[in-house]
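K.L.:
Quick one: this structure, given as structure tokens, is what I'll be asking you about.
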Amino acid sequence: MSTHYTRPLMFIAGEWREGGDGTCTEVRDPATEQTLAQVPRASRTDLDDALEASAAAFEIWRRKPAVDRAGVLQRAANLLRERAVALGPLMTLEQGKTLAESTFEFMHAAETFDWYAAEALRANGRLMPARLPGARQMVLPQPLGPVVAFTPWNFPAALPARKMAGALAAGCTVVMKPSEETPASAIALAQALADAGLPPGALNLVFGVPAEVSTHLIRSDIIRKVTFTGSTPVGRQLARLAADGVKPCTLELGGHAPVLVFDDADLDRTVATCIQGKSRNAGQVCTSPTRFIVQQGIHDEFVRRYGEAMEQLAVGPGLDPANQMGALANTRRLQAMEELVGDALAQGGRLVAGGRRTQPRGNFWPLSLIADVPDSAKAMHVEPFGPLALVSRFSKLEDGLAEANRLPYGLAAYAFTQSAATAVAVGDELQAGGVGINSFAVSQIEAPFGGIKSSGYGNEGGREGLEAFMHPKFIHHAT
Ligand code: NAD
């Protein structure tokens, strides 16, 4: 197993380069707290070079037949699949998740490239009955232009892959700033695309001081579309910048997903699914189940069994295959866990599992369960973005739904029930971009994924993830 972490470089106009700024951001292994590398920060010249390269490449890439663009994505997918086992340790080193999760994520990125390669061939327009004899009225989908993309550290391959694949399949070019904390994963995707024959400049990767880089890139006249995944406050800031230039945005922001557990739920299956759902990526998922709103009759048994199952989960370095959950990606998350748990307990919450650091070194935090948490507790409205589950109770469906829809977020919401009528009711009434019933699998390559309310707007995934990078040009052709 290779655990050699190389110095991350920027990728501009088809060349790997050191940044011109002269300063760096440190990449740390969250399991050992050791420094892995220094990421160079872009100078203004680097950013301008990336912008110009994306503009020049757009004139080439948008004219390529869709089948040729698809070929590049397919070859990159094949390369990623061949490399996934070798790349997995790099993601685990920089992000902390288990090796199984890291390897799976590269395979998932490959499948995303494949799916959008095929979707590029289905970017169909339409022909409509004309109002004049002999005339043609048609809609021709066209790529928007160079795109600027910002991706976070929680899924350092899957999230860049979604943006790269949709944009490139549509015929757009990209300037991407992945998270400086997890650069190697996005670099591996860029290398696969370059090896697959992507023209220089069609994809550029830059790193730097996030606010400076995003301001400079979004303000550039070259950029025609902004796509961001990250927190709601940063999303708001970027949307304001984009509004100045009248640039469309896709914003995938935070969530605070409710989980309604009804009396008639299959408890064995529910507890097993909730363990998997909450431990995935150590809870650092925008769709992570957070507020467990449990019906009166099943509440005590659910809390007991969920807490017991949490205590069984092996937490430790992601490189050790015996561990089922790795380290939190950065110390900010560890501090957030300490603060949110402390506040929930001070406000009367009852600790059922976890709740404190288990190792003196490394960002390890166990799966934690707090019952009887009052709505006034911080964790009941601030996204924990970590392995923390909060339980409250309800009696009637309407009360459960009201509690589930209480927050300004609307990304994902879940319910566990064996009743078809309850499943229909929650499907209709939960205010979220995605609803899982007896399931947390609300993010699939072939389906639209996105939020409402403060969780953002626009979609990735599915054909919507291609359309996000295109505009429907109307052509009226009189003869
Ligand atoms: P943060 O808001 O500082 O950063 C989130 C991401 O945005 C990072 O990748 C960061 O590099 C980037 N970023 C920050 N400021 C930026 C700017 N001005 N321009 C462009 N990019 C910028 O928060 P954080 O401490 O890294 O993460 C904490 C919170 O972020 C979590 O509580 C969660 O709400 C949210 N988050 C959401 C997702 C998601 O998938 N929706 C992913 C990661 C983080």
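K.L.:
Checking the conditions here, which among E464, E460, E446 is open to solvent by 30 Å² or more (accessible area, probe 1.4 Å) and in contact (Cβ under 8 Å) with a residue 40 or more places away in the chain?
P.N.:
On the way: E464 fails: in contact (Cβ under 8 Å) with a residue 40 or more places away in the chain; E460 fails: open to solvent by 30 Å² or more (accessible area, probe 1.4 Å).
Checking each option against the conditions leaves just E446.
K.L.:
Sticking with this one: Which residues, taken from region 296-317, are closer than 26 Å to R406 by Cα and either of a type in the set (G, A, S) or open to solvent by less than 30 Å² (accessible area, probe 1.4 Å) (or both)?
P.N.:
Across region 296-317, the qualifying residues are G297, I298, H299, F302, V303, Y306, G307.
K.L.:
Here's something else I'd like to know. Against the definition (within 23 Å of A70 (Cβ to Cβ) and either away from the ligand (no atom under 12 Å from the Cβ) or within 14 Å of the chain's Cα centre (by Cα) (or both)), how does P160 come out, yes or no?
P.N.:
Values: within 23 Å of A70 (Cβ to Cβ): yes; either away from the ligand (no atom under 12 Å from the Cβ) or within 14 Å of the chain's Cα centre (by Cα) (or both): yes.
So P160 passes the test.
K.L.:
Moving on. Any idea which of L334, L369 is more than 22 Å from the chain's Cα centre (by Cα) and open to solvent by less than 20 Å² (accessible area, probe 1.4 Å)? Spell out how you get there, then give the answer.
P.N.:
On the way: L334 fails: more than 22 Å from the chain's Cα centre (by Cα).
None of the others qualify; the one that does is L369.
K.L.:
May I pose another question? Within region 20-57, which residues are in contact (Cβ under 8 Å) with a residue 24 or more places away in the chain, of a type in the set (G, A, S), out of contact with any Gly (no Cβ under 7 Å at 6 or more places or on another chain) and part of a loop (DSSP other than H, G, I, E, B)?
P.N.:
Within region 20-57, just G20 meets the criteria.
K.L.:
For region 1-16, what are the residues that are at pLDDT below 95 and in contact with a strand residue (DSSP E or B) (Cβ under 8 Å, 6 or more places away or on another chain)? Before you say what the answer is, go through the steps one by one.
P.N.:
Within region 1-16, the first condition is being at pLDDT below 95, and the residues that meet it are 1-7.
Y5, T6, R7 - these are the residues of region 1-16 that are at pLDDT below 95 and in contact with a strand residue (DSSP E or B) (Cβ under 8 Å, 6 or more places away or on another chain).
K.L.:
Let me ask you something else. Just name the residue that is nearest to the ligand (Cβ to nearest atom) out of those in region 238-257 that are without any contact (Cβ under 8 Å) to a residue 24 or more places away in the chain and either open to solvent by 70 Å² or more (accessible area, probe 1.4 Å) or assigned to a loop (DSSP other than H, G, I, E, B) (or both). If you could, list the steps in order and put the result at the bottom.
P.N.:
In the first step, residues of region 238-257 are kept if they are without any contact (Cβ under 8 Å) to a residue 24 or more places away in the chain; the result is 239-240, 243, 246.
Of the ones still in play, those that are also either open to solvent by 70 Å² or more (accessible area, probe 1.4 Å) or assigned to a loop (DSSP other than H, G, I, E, B) (or both) are 240, 246.
Numbers: R240: 11, V246: 19 Å.
The extreme case among them is R240.
K.L.:
While we're here: Could we say that A423 is farther than 12 Å from F262 by Cα and either surrounded by 20 or more Cβ atoms within 10 Å (Cβ to Cβ) or not basic (K, R) (or both) here? Steps first, please.
P.N.:
Details: farther than 12 Å from F262 by Cα: no; either surrounded by 20 or more Cβ atoms within 10 Å (Cβ to Cβ) or not basic (K, R) (or both): yes.
For A423, the condition - farther than 12 Å from F262 by Cα and either surrounded by 20 or more Cβ atoms within 10 Å (Cβ to Cβ) or not basic (K, R) (or both) - is not met.
K.L.:
Let me ask you something else. Looking for something over 18 Å from A165 (Cα atoms) and out of contact with any Cys (no Cβ under 6 Å at 6 or more places or on another chain) - is there at least one such residue anywhere in region 62-81?
P.N.:
Kept after step one, since they are over 18 Å from A165 (Cα atoms), are these residues of region 62-81: none.
Within region 62-81, none of the residues are over 18 Å from A165 (Cα atoms) and out of contact with any Cys (no Cβ under 6 Å at 6 or more places or on another chain).
K.L.:
While we're looking at this one, here's another question. Restricted to region 381-401, and to residues that are open to solvent by 50 Å² or more (accessible area, probe 1.4 Å) and under 25 Å from the mean Cα position of the chain (by Cα), which residue is farthest from the ligand (Cβ to nearest atom)?
P.N.:
Taking region 381-401 as the starting set, the residues that turn out to be open to solvent by 50 Å² or more (accessible area, probe 1.4 Å) are 381-382, 393, 395-399.
Next cut, under 25 Å from the mean Cα position of the chain (by Cα) only: 381-382.
Values: H381: 12, V382: 8 Å.
So the residue we want is H381.
K.L.:
Further question: If a residue must be open to solvent by less than 10 Å² (accessible area, probe 1.4 Å) and either among the polar types (S, T, N, Q) or within 12 Å of the ligand (Cβ to nearest atom) (or both), how many such residues does region 180-199 contain?
P.N.:
Result for region 180-199: 4.
K.L.:
Now a separate question. With surrounded by fewer than 21 Cβ atoms within 10 Å (Cβ to Cβ), within 16 Å of the ligand (Cβ to nearest atom), β-branched (V, I, T) and at pLDDT 95 or above as the only criterion, which of I475, I452 stands out?
P.N.:
Details: I475 fails: within 16 Å of the ligand (Cβ to nearest atom).
Going through I475, I452 in turn, the sole match is I452.
K.L.:
Considering only region 346-365, state which residues are open to solvent by 20 Å² or more (accessible area, probe 1.4 Å) and either in contact (Cβ under 8 Å) with a residue 24 or more places away in the chain or not in a strand (DSSP E or B) (or both).
P.N.:
Initially, region 346-365 is screened for residues open to solvent by 20 Å² or more (accessible area, probe 1.4 Å), giving 346-348, 350-352, 356-361.
Passing the criteria: A346, Q347, G348, V352, R356, R357, T358, Q359, P360, R361.
K.L.:
What is the number of the single condition among (1) within 16 Å of the ligand (Cβ to nearest atom); (2) in contact (Cβ under 8 Å) with a residue 40 or more places away in the chain; (3) in contact with a helix residue (DSSP H, G or I) (Cβ under 8 Å, 6 or more places away or on another chain) that L369 does not meet?
P.N.:
Here L369 meets the rest and fails (1).
K.L.:
For region 203-216: of the residues being more than 9 Å from the ligand (Cβ to nearest atom) and either under 22 Å from H108 (Cβ atoms) or of a type outside the set (A, V, I, L, M) (or both), which is surrounded by the fewest Cβ atoms within 10 Å (Cβ to Cβ)? Lay out the reasoning, then the answer.
P.N.:
Within region 203-216, the first condition is being more than 9 Å from the ligand (Cβ to nearest atom), and the residues that meet it are 203-208, 216.
Next, from what is left, pick out any that are either under 22 Å from H108 (Cβ atoms) or of a type outside the set (A, V, I, L, M) (or both): 203-205, 207-208, 216.
Details: L203: 30, N204: 29, L205: 26, F207: 26, G208: 26, H216: 17.
The qualifying residue surrounded by the fewest Cβ atoms within 10 Å (Cβ to Cβ) is H216.
The values are calculated or read from the model by the stated rules, or taken from the named source; none is laboratory data. Everything numeric here is computed off the predicted structure, so don't read it as measured data. Here the Cβ is made from the backbone with ideal geometry for all residues, glycine too, and neighbour counts use every protein chain on show. We work out accessible area using only protein heavy atoms, side chains counted, and drop any ligands, DNA or RNA first. Shrake-Rupley method; radii C 1.70, N 1.55, O 1.52, S 1.80 Å.
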